[in-house]
1. So what is the accessible area of segment 7-76 per residue, in Å², with the probe set to 1.4 Å?
2. Just the ratio, please: alpha-carbon radius of gyration of segment 11-55 over 2.2 N^0.38 Å, N its number of residues.
3. Would you kindly state how much longer the chain becomes between Val228 and Gln170 on full extension, computed as 0.36 nm times their sequence separation minus their alpha carbon distance, in nm to one decimal?
4. If you wrap a convex hull around the C-alpha atoms of segment 27-90 and split its volume per residue, what is the figure in Å³?
5. Please give, to one decimal in nm, the separation of the simple spin-label points placed at Glu63 and Thr98, each 7 Å out from Cα toward the Cβ.
6. What FRET efficiency do you get for Ala123 and Leu219 if R0 is 45 Å and r is their Cβ-Cβ distance, rounded to the nearest 0.05?
7. Within 15 Å, Cβ to Cβ, of Leu69, how many net charges do the neighbouring residues add up to if Lys/Arg are +1 and Asp/Glu are -1?
8. Once the Cβ-Cβ distance between Ser13 and Ser114 is put in as r, and R0 is 35 Å, what FRET efficiency do you end up with, to the nearest 0.05?
Amino acid sequence: GLASYPAPFSFYSMLENTAFVLPANDAEAWKSSMQIANYLGSVTNGTLSAPNAFFGNAMPEQERSKYNLIIIGQPKQLAIISELHDSMPVPFAADTNTSQNEKFQVTYIIPSDSPMGYVEMFASPWNQDNVVLAVLGNSPNGLRWASTSMIDPALRSRLAGNFAVINGTQVLTSDTQINPTVQTGTGEQASVISPTPAPDENTALMGRPAWLYPVFGILLFFILAIIVFKVWSGSRRRK
């Protein structure tokens, strides 16, 4: 999950198991990739860094299973984002920068002109031993916020779960694998969207079998009957 970042990328001192996936004509995405690569290089402290890079609409099939991927840019500029639709914690509508919150019971409507950054981490569909880190934005400003959360210690420490929305210095996180709730960067719950159902009145108490109470009642009846019989027998003998 995002809380473990910069792992697993930092497990390789040369970053040889990391590949950046970028749009062909987005200077902001390339700038962000250099900043993230610089950060990962400082964390691994290797004598040489050798990550790979591919265009988001031209990554060969045979290469996809070899690397932990870091995809950076606006979703509509990256064809590979559409291919990952079914694997992403929160996917994006085809050819748009609009996230689809179908896994949440609460829909967050974000105005199209409101910049927003998104960070997602999930298992690679091409190799379950590798991960995909998607650093995305619905605008250049949103992309800057998302990439900043990857390198700024204050924002990075708030990342958790497998999905985060970045708005300036505000970080909202969620883990769609466990419970589709949204957490603020301070750990406070922003929305409870998985209500606990009311218990069924016919449901037996946990750990107590349903047959226990009838058996207990029968035993209690026999014990009381024996006591009454003994008292009655003793009274007759005394008379």
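1. 48
2. 1.15
3. Stretched fully, the Val228-Gln170 segment lengthens by 13.5 nm.
4. Convex hull volume per residue, Cα atoms: 114 Å³.
5. Rounded to a tenth, the inter-label distance reads 3.2 nm.
6. Efficiency computed from Cβ-Cβ geometry: 0.25.
7. Cβ neighbours under 15 Å give a net charge of -4.
8. So the FRET efficiency works out to roughly 0.30.
The values are calculated or read from the model by the stated rules, or taken from the named source; none is laboratory data. Please read these numbers as outputs of a predicted model, since none were measured by experiment. FYI the Cβ positions are ideal-geometry reconstructions off the backbone, even for glycines, and counts take in every protein chain you see. Note: areas computed on protein heavy atoms with side chains; ligands, DNA, RNA excluded. Shrake-Rupley method; radii C 1.70, N 1.55, O 1.52, S 1.80 Å.
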